[in-house]
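Structure record follows, encoded as structure tokens.
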Amino acid sequence: MTNQRVRKLATALVLPAALLLGAAGCSQSTGGEPVAEGTSTAAAGQSGGPSTSAKAGACAPVTGRILTLPTKAAGEPVLGLPQPSGWDRETSQDSDVIRGAIVNKKLVTDAFAANAVITLENAKGMTPQQALDSQVDSLRKGLKVTGLKPVPGTLCGYPSTSVTYVMPGSTPNHTSTTLAVSVPDGANLWSITVTVQSKMPDDATYRRDSQAILTGLQITK
């Protein structure tokens, strides 16, 4: 992975700090509280190890709101982000890498609002495991995160890894969980991350909602 790519990924993962007081956009989805009717082995970094891989594309069914994010190029997978009640769409950081974000302004501590950010890149030329490793390396090298303990798993039948860590930098002491997923697609390899973070990681609402976001991610090719 080049230094430029590391910086690009690191920036994508650190940008949620800029969503502290951003104006929330209108939700693009309807329905009740999202609840995944299955469990991803990598979600929230709470699994003891990988499970038997499900059929590729077999995402856990979700009952509730799903924010479907638009693609930017032909052939990209369609991403669906669970959107619990109270989490508003935030568009100010959307880019070619950052595909969407949601913010809960009721879960605020020290002016930091709980948020979730989803990214997508084409990691063509890498193996699925190399793409997962590169996401973890971007945290170590780009953001200087230490003590990472990646947890392997699967999501939607695709290989994944998750890490939970304390984010260093100008807004320290907030806890983040990053879930990375590798989606092989012919000559392409889609590298997807979802990062949830809060300064109140033990709050019951945040724990419930962040788990629903991570386990309920939808990937459709």
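Details
- Selection status of residue 134, at pLDDT below 95 and either surrounded by fewer than 21 Cβ atoms within 10 Å (Cβ to Cβ) or on the phi < 0 side of the Ramachandran plot (or both): no
- Within the stretch 69-103, the set of residues being surrounded by fewer than 22 Cβ atoms within 10 Å (Cβ to Cβ) and in contact with a Phe, Trp or Tyr (Cβ under 6 Å, 6 or more places away or on another chain) comprises 77 only.
- Hits in the stretch 166-187 - residues which are farther than 19 Å from residue 215 by Cβ and surrounded by 17 or more Cβ atoms within 10 Å (Cβ to Cβ): 167, 171, 174
- Complete set of residues in the stretch 59-68 that are at pLDDT 90 or above and of a type in the set (Gly, Ala, Ser): 60
- Considering the stretch 160-221, the qualifying strands (runs of 3 or more DSSP E), each wholly inside and each with 1 or more residues that are touching a helix residue (DSSP H, G or I) at 6+ places or on another chain (Cβ under 9 Å) and either farther than 18 Å from residue 132 by Cβ or of a type in the set (Val, Ile, Thr) (or both), run over 174-185, 188-198.
- Some residue of the stretch 183-203 being of a type in the set (Phe, Trp, Tyr), on the phi < 0 side of the Ramachandran plot and touching an Asp or Glu at 6+ places or on another chain (Cβ under 9 Å): yes
- You will find that of 146, 193, the residue that is surrounded by 23 or more Cβ atoms within 10 Å (Cβ to Cβ) and among the hydroxyl-bearing types (Ser, Thr, Tyr) is 193 and no other.
- Residue 157 meets the conditions (1) over 18 Å from residue 100 (Cα atoms); (2) surrounded by 22 or more Cβ atoms within 10 Å (Cβ to Cβ); (3) of a type in the set (Gly, Ala, Ser) in every case but one. The failed one is (2).
The values are calculated or read from the model by the stated rules, or taken from the named source; none is laboratory data. Just so it is clear, the structure is predicted and the values come from calculations on it, not from any experiment. Counting neighbours? That spans all protein chains shown, and the Cβs are built from the backbone with ideal geometry, glycine included.
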